[in-house]
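Undergrad: Provided herewith is a single structure, encoded as structure tokens, for subsequent inquiry.
Only the coordinates and a few stated rules stand behind these numbers; no lab work does. Keep in mind that this is a model prediction, so the values were computed, not measured. Note that we place each Cβ from the backbone using ideal geometry, even for glycine, and neighbour counts take in every protein chain shown.
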Amino acid sequence: MTLRELQYLIALADHRNFRRAAEVCFVSQPTLSTQIRKLEDELGVRLVERAPRKVMLTPAGQDAVERARRILSEVEQMKEAARRGRTSETGTLRLGVFPTLGPYLLPHVVPLIRARFPQLELLLFEEKSDALLARLTQGTLDAAFLALPVHDHHLHCELLFEEPFLVAVPQDHPLAKRSDLTLDELGSYNLMLLEDGHCLRDQALEVCHLSGARETTEFRGTSLETLRQMVVAGVGITLLPVLATKTAIPGGENLRLLNFRDSQPSRQIGLLWRKTSAMGNLLSELAKVCRKMPKHLLTPETSDSGS
């Protein structure tokens, strides 16, 4: 059994097609098929069902793929540990971030990271939180920025900062003349939220639950920028994390921001990595660098509209 055979098996599991799996492995289809059969012969069990149009994993195949992912992850960590043994601040760091944070955080922290670790190659991946957690577990990411809490005892977490929420309303909205409101007052309104799958949707729903506010049924945003533009267009109101309010947008003069007077709903952002990672010391240093982000970026600045 070779690592290459395990790589072929994982590619076949990911693509469920011999031709596509062979393409991503840069081998011919007969070569990949032969290696899979060789692996089956060695294990003495069928790993895949070869249907005319797609490939399905047998129960033994599913178990083998999970074990293969762990094996290759350990091998990659072994290689990384050896590289870190030569010099702890070189090599490649695969860092994940979710879509409602990445565009607003990365422009501020990436220059700090590059200044502190000039020889470190930084590869950035933007995906939803569930996908980032899966990639951390599989070993295809080294670390990820995630909203907390994350309940996985295999992961180490470093809290980076707490990010307040603001209420964004159109300029002609009844609340636009205010500079703040109470959480209870928010309960009188319907909020535009993101579609399912975004962690920010879950956090906004929690604020709705605390305030008594409801989700508008007419619209669900596919991105935070879509929600902002819909507010600018006068369609409705929403919650925005404070980092997302620090960048100018077209028509932004039509958007008013209100702080919470009596309490401050927020989300916590952490940097997470596997407890078994050979990069733990480096990632701890990286977390310290991220905490040096300018404090004013996390300070709510409401619109100058009076109270």
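Undergrad: Taking region 1-98, which chymotrypsin sites (Phe, Trp or Tyr not before Pro) meet the DSSP loop condition and have no more than 15 other C-beta atoms within 10 Å?
TA: When the chymotrypsin sites (Phe, Trp or Tyr not before Pro) of region 1-98 are filtered for loop state and at most 15 Cβ neighbours within 10 Å, 26 remain.
Undergrad: Could you run the Debye sum over the Cα atoms of region 22-124, one equal point scatterer each and no solvent, and tell me log10 of I(q)/I(0) at q = 0.10, 0.16, 0.17 Å⁻¹, two decimals?
TA: Results for region 22-124 at q = 0.10, 0.16, 0.17 Å⁻¹ read -0.53, -0.90, -0.93.
Undergrad: OK, next. Treating the Cα atoms of the chain as identical point scatterers in vacuum, please give the log10 of the normalised Debye intensity I(q)/I(0) at q = 0.09 Å⁻¹, two decimals.
TA: Each listed q maps to, in turn, -0.59.
Undergrad: Name the aspartates and glutamates eligible as straight-distance cross-link partners of residue 54: C-alpha to C-alpha under 14 Å, and not fewer than 8 places from it in the same chain.
TA: By straight Cα distance, residue 54 reaches 14.
Undergrad: Under 13 Å from the Cβ of residue 25, count the other residues' Cβ atoms, weight Lys and Arg +1, Asp and Glu -1, and hand me the total.
TA: Net charge around residue 25: 0.
Undergrad: Taking neighbour counts of Cβ atoms within 10 Å as a proxy for exposure, in what order, fewest first, do 36, 237 appear?
TA: By the 10 Å Cβ count, ascending, the order reads 36, 237.
Undergrad: Using alpha carbons only, how many angstrom separate the centre of region 4-48 from the centre of region 135-212?
TA: Taking the Cα centre of region 135-212 as reference, the centre of region 4-48 is 42 Å away.
Undergrad: Students often forget the sequence filter, so: which aspartates and glutamates lie under 13 Å Cα-Cα from residue 288 once same-chain residues fewer than 8 apart are removed?
TA: The qualifying aspartates and glutamates are 158.
Undergrad: Give the angle, between 0 and 90 degrees and rounded to the nearest 10, that separates the Cα long axis of helix 199-211 from the longest principal axis of the Cα atoms of the chain.
TA: Taking the Cα atoms of the chain, the angle to 199-211 is about 40 degrees.
Undergrad: Evaluated at 20 °C with a viscosity of 1.002 mPa s, what Stokes-Einstein diffusion coefficient in µm²/s does region 194-307 have when Rh comes from the Kirkwood expression over alpha-carbon pairs?
TA: Estimated via Stokes-Einstein, D reaches 129 µm²/s.
Undergrad: So which residue, out of 22, 147, 131, gets the largest mean-square fluctuation from a GNM of the chain using Cα contacts under 10 Å as springs?
TA: Highest fluctuation among the options: 22.
Undergrad: Relative contact order (percent) for the chain, with alpha-carbon contacts under 8 angstrom and 6 or more residues of separation?
TA: Relative contact order comes out at 22 percent.
Undergrad: Can I ask one more? Rank the residues 108, 173 as a footprinting-exposure proxy: fewest other Cβ atoms within 10 Å of their Cβ go first.
TA: Ordered from fewest to most neighbouring Cβ atoms within 10 Å, 108, 173 come out as 108, 173.
Undergrad: Determine the sum of side-chain charges near residue 190: Lys and Arg each +1, Asp and Glu each -1, restricted to other residues whose C-beta is under 14 angstrom from that of residue 190.
TA: Cβ neighbours under 14 Å give a net charge of -1.
Undergrad: Going by C-beta contacts inside 10 Å, put 260, 117 in order with the fewest on the left.
TA: Fewest-to-most ranking of 260, 117: 117, 260.
Undergrad: At 222 nm, what helix-only mean residue ellipticity would the chain give, in deg cm²/dmol to the nearest 500, using -39500 (n - 2.57) for each DSSP H run of four or more?
TA: Value at 222 nm, helices only, nearest 500: -13000 deg cm²/dmol.
Undergrad: Given springs between every Cα pair under 10 Å in a Gaussian network model of the chain, which of 136, 120, 194 has the largest fluctuation?
TA: 120
Undergrad: Using amide H atoms built 1.01 Å from N in the peptide plane, name the residues 5+ places from residue 256, or on other chains, whose amide H lies under 5 Å from its own.
TA: 169, 171
Undergrad: Mind scanning 38/79; 128/295; 79/295; 177/295; 246/275 and naming the pairs with a C-alpha gap bigger than 30 Å?
TA: Violating the 30 Å Cα-Cα cut-off are 79/295; 246/275.
Undergrad: Given region 163-266, what percent of its DSSP beta bridges are antiparallel, to the nearest 5?
TA: Approximately 55 percent, going by the DSSP bridge assignments.
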